[in-house]
Amino acid sequence: MTLLERLKEAAGETQVKVQEPMKHHCTFQTGGPADYFVEVSSWRVLFTVLALLKEEGVPVTVLGKGSNVLVKEGGIRGAVVTLGEGFRQVRRDGNCLVVGAGAALSQMALAAMEASLLGVAFAGGIPGTFGGAVVMNAGAYGGELKDVLKEVTVLDQKLQVQTLPASALDLGYRHSNIIEKGYLVLEGVLELEEGDKEAIRAQMKDYAARRREKQPLEYASAGSTFKRPEGHFAGALIEQCGLKGYQVGGGAVSTKHAGFVVNLGQAKSDDLLAVIAHVQSVVLEQTGVALECEVKIIGED
Ligand SMILES: Cc1cc2nc3c(=O)[nH]c(=O)nc-3n(C[C@H](O)[C@H](O)[C@H](O)COP(=O)(O)OP(=O)(O)OC[C@H]3O[C@@H](n4cnc5c(N)ncnc54)[C@H](O)[C@@H]3O)c2cc1C
């Protein structure tokens with residue numbers, strides 16, 4: 001049997017695609033094809049698929065909602081694996097929430113609110129999965145996942161399941177050690193506090209309104225393009241350098257929020273990369289501050 005036939009046998013006929021354009025799977029809506037794109041519906045299917053890819057020496061990239069990646073135009077060699085149905089559960093256990101890596105952060109925040117549990121309202125408007133948020137230590141409005149994450153269950157490079165305390169993940173500002181360790185996040189446990197449901201609801205509404213007011217949500221993007229440099233705000237530095245609206249092809253610095261590089265509609269990844277490189281070079285030259293990308297640039301030229 002060919003690799004494709006074996007993948008389809010393991011994951012299901014419709015769950016495996018070849019030469020799949022990554023622009024369909026990333027919020028930037030750009031990026032070339034992945035050799036294989038596999039959505040796995042359960043832990044069992046995931047283990048089988050990963051064992052098969054390992055046996056065949058095929059590199060694996062795990063993707064959540066693609067809301068913090070920029071895939072280059074050459075696409076991704078090997079297989080992109082994304083977590084489907086069986087990874088989307090959110091379950092209450094006392095004051096804890098057990099969250100599957102494929103669950104949307106909005107779903108997680110709503111479940112916490114419904115259970116009157118405080119601590120993750122900040123995540124309600126972040127358009128990623130729980131798995132991607134653990135990798136990024138996602139945060140907003142003064143909260144971050146690190147504040148509430150108790151433990152995480154991962155699959156290591158030997159395809160062994162390990163449950164690790166959050167303290168083992170080296171969580172920091174938009175950072176964890178998950179990628180360097182080669183872990184795949186399966187699920188995690190959040191330790192929350194009891195609160196008032198209506199107060200949480202009001203807080204989430206307020207955060208959502210603030211996002212709509214400040215962020216260019218009408219355009220495709222990956223959120224804040226750059227990390228916040230020590231002692232500064234990336235958006236303010238970019239604006240100060242006169243780069244608001246700077247455009248290459250269909251890529252531009254948002255005129256609404258200079259910290260966002262956006263796809264105006266027909267951008268190629270190369271346009272976005274050119275905007276990012278120009279911004280970094282001008283900001284460094286004019287202010288002496290080196291802007292580091294928060295967005296993960298992946299794939300081939
Ligand atoms: C409009 C907008 C607003 C945003 N606002 C915020 C914000 O306020 N705060 C914030 O922190 N971020 C924000 N983001 C960025 C992004 O949503 C977060 O970083 C989010 O946590 C990424 O999740 P994801 O599932 O999309 O991850 P992806 O982009 O799919 O992946 C991110 C990285 O994690 C890896 N990965 C994904 N899932 C797994 C897994 N299960 N196991 C191992 N590795 C995995 C990927 O390989 C990749 O390296 C915003 C993005 C957009 C588009």
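Applying a threshold of 7 Å to beta carbon distances and a minimum spacing of six or more residues, or different chains, the list of pairs starting in the stretch 144-157 at a residue that is within 22 Å of Leu118 (Cα to Cα) and ending at one that is among the charged types (D, E, K, R) and in a strand (DSSP E or B) reads Val148/Glu191; Lys150/Glu191.
Of the listed requirements (1) within 16 Å of the ligand (Cβ to nearest atom); (2) out of contact with any Pro (no Cβ under 8 Å at 6 or more places or on another chain); (3) in contact (Cβ under 8 Å) with a residue 12 or more places away in the chain; (4) among the small types (Gly, Ala, Ser), Ser254 misses just one: (2).
Of the residues in the stretch 237-246, none is in contact (Cβ under 8 Å) with a residue 24 or more places away in the chain, among the charged types (D, E, K, R), in a loop (DSSP other than H, G, I, E, B) and out of contact with any helix residue (DSSP H, G or I) (no Cβ under 6 Å at 6 or more places or on another chain). Contact map, the stretch 89-116: residues that are under 22 Å from Leu46 (Cα atoms) paired with residues that are small (Gly, Ala, Ser), Cβ distance under 6 Å, separation 6+ or inter-chain. Pairs shown: Gln89/Gly100; Val90/Ala103; Val90/Ala111; Val99/Gly188; Ala101/Gly131; Leu105/Ala123; Leu105/Gly128; Leu105/Ala133. From the list Leu155, Leu171, Leu145, Leu186, the lone residue that is surrounded by 15 or more Cβ atoms within 10 Å (Cβ to Cβ), farther than 25 Å from Gln29 by Cα and touching an Asp or Glu at 6+ places or on another chain (Cβ under 9 Å) is Leu171. Residues considered: Gly86, Gly64. Of these, the only one that is within 9 Å of the ligand (Cβ to nearest atom) and in contact with a helix residue (DSSP H, G or I) (Cβ under 7 Å, 6 or more places away or on another chain) is Gly64. Take the stretch 28-44 and flag every residue that is within 23 Å of Phe87 (Cα to Cα) and surrounded by fewer than 20 Cβ atoms within 10 Å (Cβ to Cβ). Passing the criteria: Ser41, Ser42, Trp43, Arg44.
A quick yes/no check of all residues on (1) of a type outside the set (Phe, Trp, Tyr); (2) out of contact with any Lys or Arg (no Cβ under 7 Å at 6 or more places or on another chain); (3) crowded, with 23+ Cβ neighbours inside 10 Å; (4) at pLDDT 95 or above:
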site: Tyr246; (1), (2), (3), (4): no, yes, no, yes
site: Gly251; (1), (2), (3), (4): yes, yes, yes, yes
site: Ala258; (1), (2), (3), (4): yes, no, yes, yes
site: Lys268; (1), (2), (3), (4): yes, yes, no, yes
site: Asp271; (1), (2), (3), (4): yes, yes, no, yes
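Scanning the stretch 272-300 for residues being over 21 Å from the mean Cα position of the chain (by Cα) and under 22 Å from Glu20 (Cβ atoms) gives a total of 0. Say we look at the stretch 222-246 and pick out the residues that are out of contact with any Leu (no Cβ under 9 Å at 6 or more places or on another chain) and within 16 Å of the ligand (Cβ to nearest atom); which of these is farthest from Gln29 (Cα to Cα)? The selected residue is Phe233.
Examine the stretch 122-141 for a residue that is in a loop (DSSP other than H, G, I, E, B), on the phi < 0 side of the Ramachandran plot and either among the acidic types (Asp, Glu) or more than 8 Å from the ligand (Cβ to nearest atom) (or both), and state whether such a residue exists. Yes, the conditions are met somewhere in the stretch 122-141. Taking the stretch 26-41 as the range and being more than 14 Å from the ligand (Cβ to nearest atom) and part of a loop (DSSP other than H, G, I, E, B) as the test, the residues that pass are Gly32, Ser41.
Yes/no per residue for (1) in contact with a Leu (Cβ under 9 Å, 6 or more places away or on another chain); (2) of a type in the set (D, E, K, R); (3) in a helix (DSSP H, G or I); (4) more than 11 Å from the ligand (Cβ to nearest atom):
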site: Leu97; (1), (2), (3), (4): yes, no, no, yes
site: Ala109; (1), (2), (3), (4): no, no, yes, yes
site: Met113; (1), (2), (3), (4): no, no, yes, yes
site: Lys150; (1), (2), (3), (4): yes, yes, no, yes
site: Thr153; (1), (2), (3), (4): yes, no, no, no
site: Ala168; (1), (2), (3), (4): no, no, yes, yes
site: Val185; (1), (2), (3), (4): yes, no, no, no
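The values are calculated or read from the model by the stated rules, or taken from the named source; none is laboratory data. Every value quoted in this text rests on a predicted model; they were computed, and no experiment measured them. Cβ sites come from the backbone with ideal geometry, for glycine too, and all protein chains shown count toward neighbours.
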